[in-house]
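For reference, the structure is listed below as structure tokens.
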Amino acid sequence: MCAYAIGSNLAYIYLRGEFSEPGKELEKALADAYANGLLGTNLMGTGYSLDIRVHYGAGAYICGEESALLESLEGRIGQPRLKPPFPATNGLYNKPTVINNVETLANVPWIVLNGAAWYRQFGTEKSSGVKLFSVSGHVKNPGNYELPLGKYSIQDLLDMAGGSSTGRPIRAVLPAGSSSPIIPAVNFGAKLDYESMAGIGSVLGSCSFIFMDDSVDMVWAARKMIRFFKHESCGKCTPCREGTYWALKLYNKLLSGEGTLADIDMIGEVNKQIIGKCFCPLGEFATSSMTFTLKHFKQDYIDFIEKKKGGTPEYKAELARDTHGHHAQAAH
Amino acid sequence: MLRTNRAADIEKVLAKYPTKRSAVMPLLNLAQEEYGYCSPEAIREVAAICDLDPTEVKSVVGFYTMYYEEKVGTTVIDVCDDLPCALRGADGFIAHCERKLGIKAGETTANGKITLHSVMCVAACNRAPVAQVNGAYRYDLTPETFDQMVDELQK
Ligand SMILES: Cc1cc2nc3c(=O)[nH]c(=O)nc-3n(C[C@H](O)[C@H](O)[C@H](O)COP(=O)(O)O)c2cc1C
Ligand code: SF4
Ligand code: FES
């Protein structure tokens, strides 16, 4: 319907490369659609034709960013493009292009069938409709939950997911994965909509809720997140490429047991060098884990140093694995 | 030769895109299936098919983590130890994998059969510890199920 609305005869589904297995299901569904005259030429006698093809990534988070996705689809390394021009005017092969998430598109048939007013009965004035919440971490029943926006609170979501899986109290949640401002449990009364989340200094974003119990050390958690962003930085701009590199070095130092209180300030400094200076939002995402664990859980950092929590065999093993363990993306 | 061994697949891939350049990623997948990794020869062949300079193809290989620049084992086991999985024991689990295989993550067993990687989130955080074995998901792993799988592969 989206392709029809903009008069396009060609659509690509960009699937991350790790999804070769689910991709087979998708390709089968597309083959079925072709076989049943829902894709191909002259659809249902309208004269309108549409091809949908699947393109697989090959392990690069940044290719979810729309302009990096276009680069990747054109056979290049996935580095974001300068905007403007925006994809709507100069997109794939320099042609006007619409890029949407599959969840967005999945709402369209229901809205077309039942009307906008019907859809708007779900959600709030500013956050209309339903959303998929993907819940992970220390909960009994992790998985996807589809909920109307604005009706339930973070605590409700936690309860729906069966509550804590460890028997220990939940301490905090990341509402949109590693890129989002962490929310301490005192704010779990906030409703799941854009305005309420903004009200508690966070975001709804991708709605990938990672719940953490009170055994989680925020220094360790922040390091995991920085490691992710350092790994996924596309290398195009210096603040993100170098900033995530130095930040990870500092966190590694803390984990190895060699950190000092001065390193905590240094993390704040490195963070400042990244914020607001990046070419695309990924660099900004990377700062969230530092900014907000420092804001809400600074005592974890101080304790980490003062109570000499670093340097345990587990942390050392984790660090050793990191230096050579994964198949790193080459820096450009 | 990719061109002779996979001619039909290459045609299919090229037909998917209006430019040859766009075919570089799926062609690298074919090359990797064929050669086990993106060897210099594979890179030259893909470059020739796409009318690109081999250095351009090499930069694509270097950028994306799923293209291997060096030989890997017959079976590649990617274990996720990103944050959500780590909250459910992935760090201890991957340490077990290393012990069982007698290698460190990033290495290949001496008999060339198994490569172990630690990878970032593969979007199955609800089923951690999780691995992809030559691309296929293995969910809710335990040291026991991992050992069984490895014993099977090592036969
Ligand atoms: C670093 C980065 C990664 C992203 N990854 C994804 C992704 O995996 N999937 C996605 O739909 N959008 C992702 N986005 C957002 C897209 O750029 C784009 O805004 C979105 O796909 C638009 O579709 P929507 O309006 O339907 O949400 C990402 C953005 C950034 C900056
Ligand atoms: S912010 Fe990071 S991911 Fe984005 S363009 Fe710069 S280096 Fe690449
Ligand atoms: S963190 Fe391991 S699959 Fe998501």
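The values are calculated or read from the model by the stated rules, or taken from the named source; none is laboratory data. Everything numeric here is computed off the predicted structure, so don't read it as measured data. Cβ atoms come from the backbone with ideal geometry, glycine included; neighbour counts cover every protein chain shown. Side chains included, ligands, DNA and RNA excluded: accessible areas come from the protein's heavy atoms. Shrake-Rupley method; radii C 1.70, N 1.55, O 1.52, S 1.80 Å.
Rolling a 1.4 Å probe across all protein chains gives A:Ile6 an accessible area of roughly 90 Å². Taking every residue in A:17-28 and counting other chain Cβ atoms within 10 Å of its Cβ, the average works out to 3.
Sum up the charges of everything whose Cβ sits under 15 Å from the Cβ of A:Glu146, counting Lys and Arg as +1 and Asp and Glu as -1, but leave A:Glu146 out. Result for the neighbourhood of A:Glu146: -1.
Summed over qualifying helices (DSSP H, 4 residues or more, each -39500 (n - 2.57)) and divided by its residue number, chain B shows a 222 nm mean residue ellipticity of -14000 deg cm²/dmol.
State, to one decimal in nm², a quarter of the convex hull surface area for the C-alpha atoms of the protein assembly as shown, i.e. the direction-averaged projected area.
Answer in nm², one decimal: 24.2.
Among beta bridges identified by DSSP and lying wholly in the protein assembly as shown, the antiparallel ones come to about 55 percent. When the scattering of segment A:218-331 is computed by the Debye formula from its Cα atoms alone, each counted once and equally, what is log10 I(q)/I(0) at q = 0.11 Å⁻¹? After summing over all Cα pairs, the log10 values are -0.32. Net charge of the neighbourhood of A:Lys28, taken over other residues with C-beta under 15 Å away and scored Lys/Arg +1, Asp/Glu -1, is -2.
The accessible area of A:Trp118, taken with all protein chains in place and a 1.4 Å probe, comes to roughly 80 Å².
Shape analysis of segment B:2-63 places it in the oblate category; the axes a ≥ b ≥ c from the Cα gyration tensor give an a/c of at least 1.5, with a/b not above b/c.
Electrostatic bookkeeping for A:Asn90 treats Lys and Arg as +1 and Asp and Glu as -1; over the other residues with beta carbon under 13 Å from its beta carbon, the sum is 0. Separation of segment A:204-237 from segment B:1-74 is 33 Å, based on Cα centroids. Largest accessible area first, the residues B:Lys71, A:Lys230 order themselves as B:Lys71, A:Lys230 under a 1.4 Å probe with ligands, DNA and RNA left out. Please compare each pair in A:Lys236/B:Lys16; A:Lys28/B:Lys12; A:Lys230/A:Lys272 to a cut-off of 19 Å on the Cα-Cα distance and tell me which ones are over it. Beyond 19 Å between Cα atoms: A:Lys236/B:Lys16.
Scanning chain A for long hydrophobic helices, with DSSP H runs required to stretch 15 angstrom or more by C-alpha along their axis and to average at least -1.0 on the Kyte-Doolittle scale, returns A:20-35, A:102-114, A:218-232, A:238-256, A:261-274, A:281-306. If a spin label sat at a point 7 angstrom from the Cα of B:Lys71 along the line to its beta carbon, the backbone N atoms of segment B:111-138 nearer than 12 Å would be those of B:111-113.
In order along segment B:49-60, the phi-based Karplus estimate (6.51 cos²θ - 1.76 cosθ + 1.60, θ = phi - 60°) of 3J(HN,Hα) comes to 5, 8, 6, 10, 6, x, 5, 5, 5, 4, 5, 5 Hz; Gly and Pro are listed as x. Counts of other chain beta carbons within 10 angstrom of each beta carbon in peptide B:22-35 average 3.
Estimated from helices alone, the mean residue ellipticity of chain A at 222 nm is -13500 deg cm²/dmol (sum of -39500 (n - 2.57) over DSSP H runs with n ≥ 4, per residue). Relative contact order of chain A: 12 percent, from C-alpha pairs under 8 Å at least 6 residues apart in sequence.
Would you work out the relative contact order for segment A:218-331, in percent, from Cα pairs under 8 angstrom that are 6 or more residues apart?
35 percent
Take each residue of peptide A:231-243, count the partner chain Cβ atoms within 10 Å of its Cβ, and average: the result is 1. Scaled against 2.2 N^0.38 Å for its residue count N, the alpha carbon radius of gyration of segment B:75-154 is 0.97. The relative contact order of segment B:8-83, computed from alpha carbon pairs under 8 Å that lie at least 6 residues apart in sequence, is 27 percent. At the residue level, A:Lys236 shows approximately 90 square angstrom of accessible surface with a 1.4 angstrom probe and all protein chains present.
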